[in-house]
Amino acid sequence: ALVSDPLLLTTVQTWEGWFFVAASALLIYGVGVRLLRAIEASEHRYRMLFADSPEALVLYDPDTLRLVEINDAAGRLFGYEPEEARGLVFTDLMPQETRQLFEQARPRLQDGTPGGGVWRMRCKDGRPLDVATQGQAVMLGGRTLRLVQVVDITARLRAEHELMRSLEEVAATNERMRELSHALSHDLQEPLRQVSSFVQLLARRYDGQLDAEAHQFIGFAVEGIARLKALIGDAERFALSAAFVPMR
């Protein structure tokens, strides 16, 4: 309305068009930069929380059991490269007996229930591996996946087995100590009681017929028998107190 000259109007409209193109380009550039920064931040968080995590992490589809991703720590644990593991099924990491147990627990895992357990698994080279797992459902790309943390407990279980074996050996030793204490209490004190009875009988039967020195000798014998009984009792109590009772 303000420009009556067609040539001037064309010029004004051309510059107006260029202005809006430049403004739109700047706006698109700003949005693109912010989007790229958000993607980089998200990628950094992913690398920090999953890919570069020192804990072994496995991401798989609970419906098909196909591995979606494993981080470097899980790759080192099982002996697979992360790219190589993507074509595997989660049960490929398990021996046959573990697969049966896993199939029994699978319905509970498919409904997204958090939880885990202790499993016998298998490395790429066939080496058995005892692990403790803890998993939970995560949403990624519009589908529900299961993220599992895997902890190697092979050495711990081996140490526990060795400890239980040592406790069993200690229990056997305790039984032998009890048998020894029983022998000290019964087998050794029985002849000692016989000797004591005969010495006392000798003292009563020949009372007044023996001289003072003979009575002194009999007293020494009775005193020695009493001391020997006390020593046997102390040895029995020591054997019982020395027996180690393992805590289970």
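The values are calculated or read from the model by the stated rules, or taken from the named source; none is laboratory data. No experiment lies behind these values; they were computed from the predicted model shown. Neighbour counts are summed over all protein chains in view; Cβ atoms, including those assigned to glycine, are modelled from backbone coordinates with ideal geometry. Accessible surface areas use protein heavy atoms only, side chains included; no ligands, DNA or RNA. Shrake-Rupley method; radii C 1.70, N 1.55, O 1.52, S 1.80 Å.
Data table
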read-out: Mean Cα-pair separation over length for the chain, i.e. relative contact order, pairs under 8 Å, 6 or more apart, %; value: 13 percent
read-out: Apportionment of accessible area to carbon and sulfur, the chain, percent (1.4 Å); value: 60 percent
read-out: Label corresponding to semi-axes √(5λ) of the Cα gyration tensor in Å when calculated from the structure given, among (i) 27, 24, 16; (ii) 93, 22, 13; (iii) 69, 19, 12; value: (ii)
read-out: Interchain or long-range residues, amide H under 5 Å from GLU69's placed H; value: LEU59
read-out: Built amide H within the under 5 Å cut-off of ASP130, gap 5+; value: MET121, ILE153, THR154
read-out: Amide H contacts of MET94 (H built 1.01 Å from N, under 5 Å, at least 5 apart or other chain); value: ARG122
read-out: Probe 1.4 Å, protein heavy atoms only - accessible area per residue of the chain in square angstrom; value: 69 Å²
read-out: Ordering of 131-140, 222-231, 54-63 by packing [mean C-beta count within 10 Å, highest first]; value: 54-63, 131-140, 222-231
read-out: SER197, SER53, reordered so the largest accessible area comes first (probe 1.4 Å); value: SER197, SER53
read-out: Heavy-atom accessible area ranking, 1.4 Å probe, most first, across LEU145, LEU36; value: LEU36, LEU145
read-out: Most fluctuating residue given options ASP52, ASP187, ASP152, as computed from a GNM of the chain linking Cα atoms under 10 Å; value: ASP187
read-out: 0 to 90° range, to nearest 10: angle between helix 96-110 axis and the chain longest Cα axis; value: 60 degrees
read-out: Value in Å of the Kirkwood radius, where the stretch 125-248 supplies the Cα pairs that are averaged; value: 21.0 Å
